[in-house]
Protein chains: 4
Amino acid sequence: MAARKQLNIALLGHRFMGRAHSNAWRQVTKFFDPAAEPVLKVVCGRDAADLQAFASRWGWEETDTDWRRVVERPDIDIVDIGLPTYLHAETAIAAAQAGKHLFCEKPFSNTLAEAEAMLAAAESAGVVHYLNHNYRRCPAVVLARQIIDAGELGEIYHWRGAYQQSWLINPEHPIDWKLRKATAAAGPLWDLGSHAIDLAHFLVGDIVSLDCRMKNFITRRPLAEDPATQGEVEVECAALLTTEFANGALGTIETTRYATGRRNRHTFEIYGSKGALTWDMEDMNRLQFYSEADPAHARGFRDILATERCHDYVKNWWPPGHIIGYEHPFVHAAADFLDAIAQGTGIQPDFREGVRIARVLEAALAADASGGRVSVGGELAS
Amino acid sequence: MAARKQLNIALLGHRFMGRAHSNAWRQVTKFFDPAAEPVLKVVCGRDAADLQAFASRWGWEETDTDWRRVVERPDIDIVDIGLPTYLHAETAIAAAQAGKHLFCEKPFSNTLAEAEAMLAAAESAGVVHYLNHNYRRCPAVVLARQIIDAGELGEIYHWRGAYQQSWLINPEHPIDWKLRKATAAAGPLWDLGSHAIDLAHFLVGDIVSLDCRMKNFITRRPLAEDPATQGEVEVECAALLTTEFANGALGTIETTRYATGRRNRHTFEIYGSKGALTWDMEDMNRLQFYSEADPAHARGFRDILATERCHDYVKNWWPPGHIIGYEHPFVHAAADFLDAIAQGTGIQPDFREGVRIARVLEAALAADASGGRVSVGGELAS
Amino acid sequence: MAARKQLNIALLGHRFMGRAHSNAWRQVTKFFDPAAEPVLKVVCGRDAADLQAFASRWGWEETDTDWRRVVERPDIDIVDIGLPTYLHAETAIAAAQAGKHLFCEKPFSNTLAEAEAMLAAAESAGVVHYLNHNYRRCPAVVLARQIIDAGELGEIYHWRGAYQQSWLINPEHPIDWKLRKATAAAGPLWDLGSHAIDLAHFLVGDIVSLDCRMKNFITRRPLAEDPATQGEVEVECAALLTTEFANGALGTIETTRYATGRRNRHTFEIYGSKGALTWDMEDMNRLQFYSEADPAHARGFRDILATERCHDYVKNWWPPGHIIGYEHPFVHAAADFLDAIAQGTGIQPDFREGVRIARVLEAALAADASGGRVSVGGELAS
Amino acid sequence: MAARKQLNIALLGHRFMGRAHSNAWRQVTKFFDPAAEPVLKVVCGRDAADLQAFASRWGWEETDTDWRRVVERPDIDIVDIGLPTYLHAETAIAAAQAGKHLFCEKPFSNTLAEAEAMLAAAESAGVVHYLNHNYRRCPAVVLARQIIDAGELGEIYHWRGAYQQSWLINPEHPIDWKLRKATAAAGPLWDLGSHAIDLAHFLVGDIVSLDCRMKNFITRRPLAEDPATQGEVEVECAALLTTEFANGALGTIETTRYATGRRNRHTFEIYGSKGALTWDMEDMNRLQFYSEADPAHARGFRDILATERCHDYVKNWWPPGHIIGYEHPFVHAAADFLDAIAQGTGIQPDFREGVRIARVLEAALAADASGGRVSVGGELAS
């Protein structure tokens, strides 16, 4: 391991995703053997005091409040973008132009135009680019994909997905950046829907048309910066999509922040001609699998605890039956990303996937606005 | 009980629903004490031999192959319609005109026009009319309604429903009356969707607008009457709806005959400002209830086994913890229907509900055809 | 069917089990085609007024308050014993001596000596004798047995069983016949444990040794006949057994009336060298099956809804996915019992099984009394 | 934080528990703010090459192959014992005598005598001593204790526990240290049963008497050191206990390595006069809670996802609905242990708990040997 190449990381952002990413960079060399070694070089943010405390805690060598300076530092190999969505395009494009490999948090961008610019910048720079739809790297989701790839579902007929949270049922929850169009672009369609669409893309394929219905239930709320004043919520709080996939399957995707009792329920059901799968992020270690190949008297959804040696990633953690949690797929992503750089390969999902998701998201906005069915835009130029 | 009035029943149909209804009329006086006593007077069908065997088995006094003669018999009080949908309107209207009380199986009608004519006939005849959306009388569904009526869900935000079967994944399943437009009107939208919409109406309220996307996966199949010949399936096999309710809630309704592994899964999730409910017909005795009124440390979906003395209907069967099955809600409906006649009251759901459902179903067909959002038609005249 | 032999039944008892048995005799010819036809000839009980109402409701032709007279009537073919346990031996022996076929409710007897006498009487009379451990005829339990018989569990290592109710947590529940030794013999060990032991016998085999620990939590309660007076509860309210089976498997059996939240939870887990099964009476239509024969990546407990055409009994009721309830296995037993008489065969479980269970129950009492391990008595004479 | 005291740790052992403990010491300052800062000073083991690789990976400053030298180093504050059980007593006593605080993995000791000596050494040295029954620090288990302490279960009647694994169903699994008496003391009774007894102690209280039945299913296996040769398994592979608690509750504890399909299922059910709880380590983030205080129509086991801000420990990780995994309770223990040292308090479970568990384990061996009930030994001297 002594000869393993070191890669210097600059992290932009030090809130929720800053913690999750820092943890991933720290844990990856403990539980995995990536082909390169991450060095927590510099973390970047606006609030110098908070930033310093964050860096001390997580072991970042330096701090900086100027992201432009950071992304242009010649000693930096990787720019890890953990900022709010509206800051992704500018930072990612600058970093790509500076030749940095990109590890970018989701949602990818505020608009399709931004997404396309980000992809173009990354591709023309020839860097490794990764979009962190981390749920793809839950062992149970990897297993779902393997089962599908092995043909065990046959032809896929249905995707039934939902991503449900409930934090907006409290009318006192204030209007913060997530409830403003300029900063968040949209509501759960963006934040949660991008995850749901990514899994649908990963497991079923391209969405070619969709209907969408959006709504906001509590439209006026206190302002975060001035709780005595009420303001208007600028984004939807729920979005319902029906879709058709390129392979002919139908889909539903429901995203909401008003599903009382659901804290982070990201669930899908997939039905095919030979079998079916269901999964829920709140029980992320498990996959339910029904197979028509089972004998008729013994068919039923199998509750698979994906913690066996034969299940990807999880063997690096603990023995079978010992579950992992929310942050572990971030570590899996870090391992694969480091390998991709060291080995000169790509990693999925990449910025191309970000564009693919953005096409669907913008089509959904258009469908809701028009009240009619919308085709999802054409091919991606290679 | 000696003084209890007897009501003579004529049953039309002697297949699946004929059995379920016959069982209900026989069991109702054993487990309940309805205010009138049903007499299994005559069963009507086309195949005289089968019909006779059916009558012998179930205890029908007489048989007849001429439904018109039967519904006009002066000694008949109740006409119980267990025929395929396309025969409902003609028989129900004739029976109403003959002054018979009507117990009608679902789907109510093939068209909205038929539905309106059936309602008009029943109302002008002044008879008791009942539409057998039997799931309303599962004790767990009754409990759901009681919890909602008590305000324990608060304002309702979301309905997420699905009715999933899988019998069409077999490409050898032939084209029978259920796959032809003339006899079935539509596919699962009608057969399963009418149930789902009825529960949505019962628990949330009127649907005011909807989008709909329908599809057929295996379009050519052997003909039932000539298996060596392939024909075209005439109805959709899956229908996805998004809806808005009069009270502002959003909804999704998914119906399909291609959900591998699901045999008769009729499920809903309801989310409101104060609580949430989920239910599944395959576990029909249970209701899951989440309440924001629980202390913060102890909130979770409660798995209520609705077999307690305080739960409607079920106390008439067995002690707590002893579950009931598919046919029991039919018995509950029979009990309430007999009471309604004896006591001169109505019973829900009635033909008015049939019209209400038909409006939604026809709007769904229109929405699918147009690819756009459709408003559900206006008020019902009283 | 015209030629089908009729068998006249005398039912002793008209409470909970009287209802369940009456329902079974009525339903069996509707949903099954037994080789003989049951005639509800006479029901017998002590309270003439109640008895008459019961007979009218359920269609018993006659009533009688003298069971001895009834069991000796030459026109009676079957004596159905639905009385409290302490009355089983005397009535069953008399009926056997009168040459009647015996359908006997559980628990079989108050003592092993009674059980042996009942078996001897039935065998020497050459009648068909059946002990109604009805859970054996749940389709999911039948399936469990089939899976075991097919070798799909391999060598069985563990039985983990429990039968849990909660009606005694209320300290106001009075001392009735179930809490008195003379009438009930014991507490849940007898009432619930006999069921649990029967399933263990059915699915695993003979119990050869056991430990038992019994206890009573609330020892003084109001008297049923005089609620103002407190009396002493005479039987245990919980019994814990560990067992060894003849095939080498270990077992636990836990029975209690103090399991708050459990209303009628009768559950088992079985672990073998090749697979495992779990079941719960509160979800009686389902069986969970784990198989080592599944590919390593896709092993998990399958949740089998035992309502398919290939599952025994259930195909006579409704289509797949339509569940049955508590009373249905009684109907299955009635069908098999009528067939056994008409065809001159036996039916399981019979009185020999009653003796087998009684041996275990008495051994458990002895083990608890001694605080030490007890061998379960020797072979049954044939 | 600058002023936070540093505590130097010596870790003994570098296998499974060495990894889990190293991870805990690394993660604790990232997600918690312990009152002292752990320094990963030295790791100790026999295999110098492996040890060096381990130290490099996990960030231990030094390595040593002589544990005696290490525990006597004046710069060491904490000795963390992650060795096989049979090495606990000697190392812990030496470390205590050297004045080191003790963080000891379970099972505590091979014998009660060892346990008592360990406790005496720790107490006379006045050091902080902790026994790592980590499941106590799952947020859902903490919640269980809080619910019990608040009286929400009332008087406890039943504990039904099991700890089930399945790795011995493979007859090729060799005889290693876990299957030899000298090194492991016993089989799952020790390894798994100590955890189960600890939770029973934590949640219900002292066990005062017990029965025990042990067995070994596959008695001959290949030797780990010579797979061509078969040897005799020296320890049981399953142990069934029934117990009585000091507060009058009854209990069952089942431990096995032959529960096919169960990988690490550690589960309990607790029934009290006012409520009930169930939990399973394979779904460690959830607790099921039934309360008689709920209205009669809405009672059921609540499925609580213990990831809310009000749930202990978990708020330090991620937002509600984001689950944690197997290794997190180790981190919780590390945080509390560091606080205990810095604040001069104790931490539970400590070595006194180790003695309490050892008393039960030895009583179980005696009960199995005698085939009779055994009282669990007297009071612990203070």
Name the residue, out of D:PRO171, D:PRO222, D:PRO295, whose mean-square fluctuation peaks in a Gaussian network model built on chain D with Cα pairs under 10 Å.
D:PRO295
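When averaged across all projection directions, what area in nm² does the alpha-carbon convex hull of the protein assembly as shown cover? Don't skip to the end; give the middle numbers.
Numbers: hull surface 229.3 nm².
So the Cα hull casts an average projection of 57.3 nm².
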Placing a label point 7 Å from Cα toward Cβ, how far apart in nm is B:PRO319 from its equivalents in the other copies, listed shortest first to one decimal?
3.7, 4.3, 4.8
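How much net charge surrounds D:HIS328 when only the other residues with a Cβ under 11 Å from the Cβ of D:HIS328 are counted, with Lys and Arg +1 and Asp and Glu -1? Don't skip to the end; give the middle numbers.
Details: positive: D:ARG137; negative: A:GLU327, D:GLU327.
My count for the surroundings of D:HIS328 gives -1.
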Here the correct list, in nm and shortest first, of distances from B:ASP149 to the same site in the other copies, label points 7 Å along Cα→Cβ, is 4.3, 4.9, 5.5
Dimensionless Rg over Rh [segment C:278-355; C-alpha; Kirkwood]
1.08
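State which entries of B:LYS41/B:LYS106; B:LYS5/C:LYS30; D:LYS181/D:LYS215 exceed 18 angstrom in Cα-Cα distance in the structure shown.
Values: B:LYS41/B:LYS106 22 Å; B:LYS5/C:LYS30 26 Å; D:LYS181/D:LYS215 14 Å.
As for pairs spanning more than 18 Å Cα to Cα, those are B:LYS41/B:LYS106; B:LYS5/C:LYS30.
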Partner shielding of A:285-291, taken as the mean number of other chain Cβ atoms within 10 Å, equals 5
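Suppose every K and R has +1 on its Cβ and every D and E has -1 on its Cβ; what is the size of the dipole of segment B:5-135 about the Cα centre, in Debye to the nearest 20? Before the final figure, lay out each step's value.
Values: 13 positive and 17 negative charges, 69 e Å.
Taking the Cα centre of segment B:5-135 as origin, the dipole is about 340 debye.
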Please figure out what share of the DSSP beta bridges in chain A is antiparallel and state it in percent, rounded to the nearest 5.
60 percent
Just for the Cα atoms in chain B, what are the lengths along the principal axes, largest first, rounded to whole Å?
62, 56, 41
Rounded to a whole number, the mean other protein chain Cβ count within 10 angstrom for residues of A:202-212 is 1
Whole-angstrom Cα spans of segment C:8-155 along principal axes, big to small
54, 37, 26
Mind sorting C:LEU250, D:LEU338 by how few other Cβ atoms lie within 10 Å of their own Cβ, fewest first?
C:LEU250, D:LEU338
What is the residue of chain B with the smallest Cβ distance to the axis taking B onto D, and what is that distance in whole Å?
B:ARG302, 2
What does the copy distance list look like for D:ARG46, label position 7 Å along Cα→Cβ, in nm and ordered from shortest?
5.9, 7.5, 8.5
In peptide D:32-44, what is the residue-averaged number of other protein chain Cβ atoms found within 10 Å of each Cβ?
0
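How do C:TRP318, A:TRP190, C:TRP159 line up, fewest other C-beta atoms within 10 Å first?
On the way: C:TRP318 19, A:TRP190 27, C:TRP159 23.
Taking fewest neighbouring Cβ atoms as first place, the list is C:TRP318, C:TRP159, A:TRP190.
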Cα centroids of segment C:16-66 and segment A:169-216: how far apart, whole angstrom?
62 Å
Tell me the mean residue ellipticity at 222 nm calculated for the protein assembly as shown from its helices only (DSSP H runs of n ≥ 4, each -39500 (n - 2.57), averaged over every residue, nearest 500).
-9500 deg cm²/dmol
Note down the net charge around B:GLN6, summing +1 for each Lys or Arg and -1 for each Asp or Glu among other residues with Cβ under 10 Å from its Cβ.
+1
Between beta-carbons, use under 10 Å as the cut-off and find the net charge around C:ARG373, counting Lys and Arg +1, Asp and Glu -1.
-2
Please report D:ARG359, B:ARG213 as a ranked list, fewest other C-beta atoms within 10 angstrom at the top and most at the bottom.
D:ARG359, B:ARG213
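Each reported figure results from applying straightforward, stated rules to the coordinates on display, with no laboratory input. Everything quoted here is computed from the prediction, not taken from an experiment. Cβ sites come from the backbone with ideal geometry, for glycine too, and all protein chains shown count toward neighbours.
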